[in-house]
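So the structure is just underneath, and the comments pick up after that.
The values are calculated or read from the model by the stated rules, or taken from the named source; none is laboratory data. All figures in this text were calculated on a predicted structure; none of them were measured in a lab. Cβ atoms come from the backbone with ideal geometry, glycine included; neighbour counts cover every protein chain shown.
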Amino acid sequence: MSSFFAAVIMAIPILFFYSARLEKSRIVTITTPLVITQARKTPAFYLYQHAQKQILKTQSDEVMASTFMSTESLSSIVEPIVIAEMNLSRHELGSESDFGFRIAAITTAAPEARVEQAITELSHKSQTFNSSPIKKWGTVRGKFEVKDGVGIVDHIVEIKRIEEGQVRELGKVDLHAGYYSIDIETPQGYLIAQIKDRNGQLIGEDQQKMINLQSQGQYFEGPFIRVGRPQVMAFNPSRPPPRYAAKGPGAKQKPASTIVASLFSKQHQLDQPDSEVLNISKHSSTVLTVEDLSQTNASMISIRQTGDVIENPLFTKKWIAGALEFISDQMKIEFRSKTAPLLIGRILVDNKPMAGARAQIENLPGVTAVYLDQFMIPNIKQESTSENGYFVFVGLEAENYSVVALQDNKIIGQQVFLAEDGYVSYQHILSTSAPRSILIRSFDAFTGQPQDADIMAPDFDEIIESENGIAAYRSKTALGISNYIIRPKQDYMPINYIQDGRKDHVHIPLLKEAWLSHLQTTLQINDQPNTGTIVGFVPNMDFEMYIISENYDSKQIVYFDPQGNHTPEPVSGGGFVLFNVPTGAREIVVQEKKTERIFSQVHQIRLNQTSVSHFTE
C-alpha cells in the first residue's frame, strides 16, 4: 500500500511538467465606440473622406421653401448640410438591419430648429416649415438606393415631402444602411429624393406617391426610393412595328443619319435623333420639328414634354401620299393642297394602344376622324380605333387644335396638335385606366385671397365651379398640355391657364384688368393687331427669360415683383408680362441663373386673350 502512495506522489510532478499548455484567459473590452468609415473605393467612403475636409465649413448654398402661391416675398434661409462620421457601439454594430435610426449616420437632414420660416398660405395662415411638423401624423421609413450610375461624391442628398407643389417636410437619409426617414403632417402628396452638386444642379432624382402606407408599429413603411438619372427631353424616334411594314409607314429600324431633329422651335438641333436635352425641369414642354434630308420621310411637328419616353413614329412620304389618295377616293373629295396639314394621333391607355376609342376636335364636332385598321390602312367606315390606336384628321387649316380621346362618350385624355402646312402633326394621347383626383385653387395673384371662378378643364365635360377658391375633379389624362379656361365671378379678368397635364393640382392666379392696363399705360405700350398677352410667374428663382419668336420686340416685356409692382429687371418670386405676342403656338423659356436649368412652356396665343402659367418644378 505504501508503494502505491509512493507511485502517486512521484506521478504528480510528472503530470505538472508535461500537461497540455494553458493560456491565460483574456477579457475583450471596448472602451470607446467603433468608428466605421465605409469600405474603401465606395461612394460612401469618398463622401466620408470629403466630409473630413468640409466639416468646418459653415457656409452653404441658400435655398428657399417653395409654396403654392403665384409669387412669394420670402427671405432666404441657410440650409447647412450635416455630414458626419458614423459612430457605432458594439451593440449597434450587431444590428445593422435595424433601421430605427439610433445611430449618427451620414445624413443630409435639417436640424429641427434650423428651418423656421413663415410661409404665406392661400388662407393667410402662418405655418412653420421644418423637418419635424408641429402636428405630426407619423414617421415614414423606407428603403433608399442609388442606381443608373448616379454618384454621391461631393453631392448633396435630399428627401422631402411635396404636396401641391409645396415642400412640406424634410427627411433624413442613411446612405450606409440604405434607408430614409421623414416625419410628416399628412400622408398626402409625393416623396421626392434628389442628389445635387454643390452648385445646385440636379444629378439624380426619384419621385414616389405616398399611397398604401403600411403600419409597422412605431413607423409606417414608405415606398422604395430608387434615385436614378433625372428626366430628360428627347425625340425618341421609331417606326411602326414590322407587321405593318408591307402597307405601313416603314419597317422598324434605327433612324438614318439624314434625320434632323430640333427642339425649342428649331432653336436647338440635336446631335443625333436619339440625343437628349439635360438639365430641364420635369414639367417643361417644347416644340419638336423633324426633317429628313433624304426626302424619304415626311416632315413632322410635335409637342414634346420632359419625361415622355414613348416612341415617336416616322411616316414616309410614300405612305402619306398613298393614305391621302386612298381617303380622297373613298370619301370622294379633293383636298385643297397636297401640303395641307395632316394630323396623326395615337390613343394609348397605360402605355398600350387602345382599341374602340374615338378622337374628336374640340369646337369642331363636324370634323370626323379617319381610323387606321390593323394593317395601317385608312378605313372611312371604321368608327373607332383598331388595335393599333391610330387616327387621322385631314382637310384642316394651319391652326392649333385640341383633340380629345373618348371612350363610351367620356373623355379619357387630350392633346394639343400644331397644324402647319407641309408638316405631319403627330401626338400620342396618353391615358390611365384609373382616374386621379385633381385639386383646383383659384386666388388673387398677389394677395393670395381665395376667389371663386368657373373653370373649364380640357379633360372634363362639365363646368367646374370653385367654392371659397377650391374645387376638384377626376381625370384620366397622363400626358399633354392642359389649357384651363377661367371665368372669374368677381372683378377679375378672364384668362387661359396653361400647365403640364400630369400635375395633380391646378393653382390659378387671378388677375385684375386694371393691374395689366396700368403696366401697359405706364410703359406706353400700344396694342397691336392679331396678338395676345402672356403672364408668367416664377416663384423662388433668380431667372432670365425669352420668347422664341422672330422679330419680337423686347421692349414689350415687363417684369414685376411679388407684389405686382413694375421692376426694370427680373426679380425672384415675381414674374413677367409679354404684351402683343403674335397669335399661334409660342414658346417661353425661363432659365435659372445659378444652375442654368431650363423651364419651358408652349402657349397657345389667341386673339386678345391672356395666357397665364407658372415656371417651377
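Here Gln330 fits the description: surrounded by fewer than 20 Cβ atoms within 10 Å (Cβ to Cβ), of a type in the set (S, T, N, Q) and in contact with a Pro (Cβ under 8 Å, 6 or more places away or on another chain).
For the stretch 324-382, give me each residue that is basic (Lys, Arg) and in contact with a helix residue (DSSP H, G or I) (Cβ under 8 Å, 6 or more places away or on another chain).
Within the stretch 324-382, Lys338 is the sole residue that qualifies.
Just to be sure before I move on: is Asp408 among the acidic types (Asp, Glu), in contact with a strand residue (DSSP E or B) (Cβ under 8 Å, 6 or more places away or on another chain) and within 24 Å of Leu364 (Cα to Cα) in the structure I sent?
Criteria not met by Asp408.
Mind listing just one residue for me: the one in the stretch 489-512 that is over 24 Å from the mean Cα position of the chain (by Cα) and among the basic types (Lys, Arg) and, of those, nearest to Asp454 (Cα to Cα)? Top of the filtered list is Lys489. Hey, does the stretch 592-599 have a residue that's touching a His at 6+ places or on another chain (Cβ under 8 Å), under 25 Å from Lys266 (Cα atoms) and without any contact (Cβ under 8 Å) to a residue 60 or more places away in the chain? No: zero hits.
Quick check on Lys282: is it of a type in the set (Lys, Arg) and under 28 Å from Gly536 (Cα atoms)? In short, yes. The strands (runs of 3 or more DSSP E) found entirely in the stretch 317-406 that carry 3 or more residues being aliphatic (A, V, I, L, M) and closer than 23 Å to Gly584 by Cβ are 342-349.
Please find, among Ala472, Ala445, the residue that is buried (at least 21 other Cβ atoms within 10 Å of the Cβ) and modelled with pLDDT of 95 or more. Answer to the check: Ala445.
One line per residue, one yes/no per condition, for (1) surrounded by fewer than 19 Cβ atoms within 10 Å (Cβ to Cβ); (2) more than 30 Å from Gly413 (Cβ to Cβ):
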| site | (1), (2) |
| --- | --- |
| Lys503 | yes, no |
| Ile508 | no, no |
| Asn530 | yes, yes |
| Pro539 | no, no |
| Asp542 | yes, yes |
| Asp553 | yes, yes |
| Pro562 | no, yes |
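When we screen Ile152, Ile159, Ile203 for residues that are closer than 29 Å to Lys593 by Cα and in contact with a Pro (Cβ under 6 Å, 6 or more places away or on another chain), the only hit is Ile152.
Out of all the residues in the stretch 162-187, which are farther than 18 Å from Ile152 by Cβ and surrounded by fewer than 17 Cβ atoms within 10 Å (Cβ to Cβ)? Result: Thr186, Pro187. Here the strands (runs of 3 or more DSSP E) wholly within the stretch 483-544 that include at least 1 residues being β-branched (Val, Ile, Thr) and within 19 Å of Ile463 (Cβ to Cβ) are 495-500, 505-510.
Can you find even one residue in the stretch 420-438 that is over 26 Å from Phe235 (Cα atoms), at pLDDT 95 or above and surrounded by 20 or more Cβ atoms within 10 Å (Cβ to Cβ)? Yes; the residues of the stretch 420-438 include at least one that is over 26 Å from Phe235 (Cα atoms), at pLDDT 95 or above and surrounded by 20 or more Cβ atoms within 10 Å (Cβ to Cβ). Checked against the criterion of being part of a strand (DSSP E or B), in contact with a helix residue (DSSP H, G or I) (Cβ under 7 Å, 6 or more places away or on another chain), of a type in the set (Phe, Trp, Tyr) and modelled with pLDDT of 95 or more, the stretch 552-559 contains not a single residue that satisfies it.
When Ser215, Ser262 are checked against the criterion of being over 30 Å from Ile152 (Cα atoms), touching a Ser or Thr at 6+ places or on another chain (Cβ under 6 Å) and at pLDDT 90 or above, a single residue qualifies: Ser262. Pull up the stretch 143-157, narrow it to residues that are surrounded by fewer than 21 Cβ atoms within 10 Å (Cβ to Cβ) and either part of a strand (DSSP E or B) or of a type in the set (S, T, N, Q) (or both), then point me to the one that is modelled with the lowest pLDDT. Checking each candidate, the answer is Ile156. Scanning the stretch 337-392 for residues that are among the acidic types (Asp, Glu) and surrounded by 13 or more Cβ atoms within 10 Å (Cβ to Cβ) yields a count of 2.
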